[in-house]
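Peer 1: The structure is given below, and queries will be raised subsequently.
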Amino acid sequence: MKIHRTLYSPVIIAGIFLVMVSLSHAGTGDFEKLRKESANIKTIQSSFTQKKTMKILSKPLVSEGRFYYAAPDSLRWEYLKPLRSIVITHKNNTKRYMASGGKMVEDKTGGTQAMKIVLDEVTSWMKGKFDQNPSFKATFHEGTNIRIILTPTEKSMAGMIEKIEIILSPKTSIVKSVKITESANNFTQIDFNNVEINKAINPSVFQDVE
């Protein structure tokens, strides 16, 4: 069960978004355009499907959930199945909750602080700020969809991440999918569905967990 929970941990998903791109590695104009478009986004909400593929597994582990964002810094990442868990960051405060005994219980471990750091980076990404982390070399590809391919620049990442591919909608620049490849047989694919932009989100979403 410990391994199972780890594979579905929100840390894995949020970690995927720790991909702030150094503009020195890509066309400044391309990322400046994305930053300007992101400035018009006040809220985002969507469902998502996560598939974790590993060589040791006979089939991918699949989870489903919901994602909410409200400018300037409110986020909610919620797994609905197979295991329910919620991470909320609101007004510079981050909390994580796990389902236990039929109710949601706050996680008081040190991992919550680590999540806060990660989600602060996610917030920056939602604002189109792609110049915060020089740890990845980025290439920008524009076609039917916009693709941003990220490859690690630091030796410490060797064996952990081979590359990250982010697919953006060409019309809205909103993320459609993210694929983080650890090796040829180990990767995580996140697909976002039913994305709604600038639709009102009840403030309780970032405060209540039941």
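The values are calculated or read from the model by the stated rules, or taken from the named source; none is laboratory data. Please read all numbers here as calculations on a predicted model, not as lab measurements. So basically every Cβ, Gly included, is an ideal-geometry build from the backbone, and we count neighbours across all protein chains shown.
Peer 1: When you scan region 16-30, do you find a residue that is assigned to a loop (DSSP other than H, G, I, E, B), modelled with pLDDT of 90 or more and surrounded by 15 or more Cβ atoms within 10 Å (Cβ to Cβ), even just one?
Peer 2: No, every residue in region 16-30 fails to be assigned to a loop (DSSP other than H, G, I, E, B), modelled with pLDDT of 90 or more and surrounded by 15 or more Cβ atoms within 10 Å (Cβ to Cβ).
Peer 1: Further question: Farther than 22 Å from Lys179 by Cβ, of a type in the set (Phe, Trp, Tyr) and either at pLDDT 85 or above or touching a Phe, Trp or Tyr at 6+ places or on another chain (Cβ under 9 Å) (or both): does that describe Tyr97?
Peer 2: yes
Peer 1: Let me ask something else about it. Can you work out which of the residues in region 55-86 that are of a type in the set (A, V, I, L, M, F, W, C) and touching a Leu at 6+ places or on another chain (Cβ under 7 Å) is modelled with the lowest pLDDT?
Peer 2: Going through region 55-86, the residues of a type in the set (A, V, I, L, M, F, W, C) turn out to be 56-57, 61-62, 67, 70-71, 75, 77, 80, 83, 86.
Those left that are additionally touching a Leu at 6+ places or on another chain (Cβ under 7 Å): 61, 75.
Values: Leu61: 91, Leu75: 86.
Top of the filtered list is Leu75.
Peer 1: Only residues that are under 24 Å from Ile41 (Cβ atoms), at pLDDT 85 or above and part of a loop (DSSP other than H, G, I, E, B): list them for region 158-210, please.
Peer 2: Asn198, Lys199, Ala200, Ile201, Asn202, Gln207, Asp208
Peer 1: Further, regarding this structure: Which of the residues that make up region 176-210 are surrounded by 12 or more Cβ atoms within 10 Å (Cβ to Cβ) and among the small types (Gly, Ala, Ser)?
Peer 2: Result: Ser177, Ser183.
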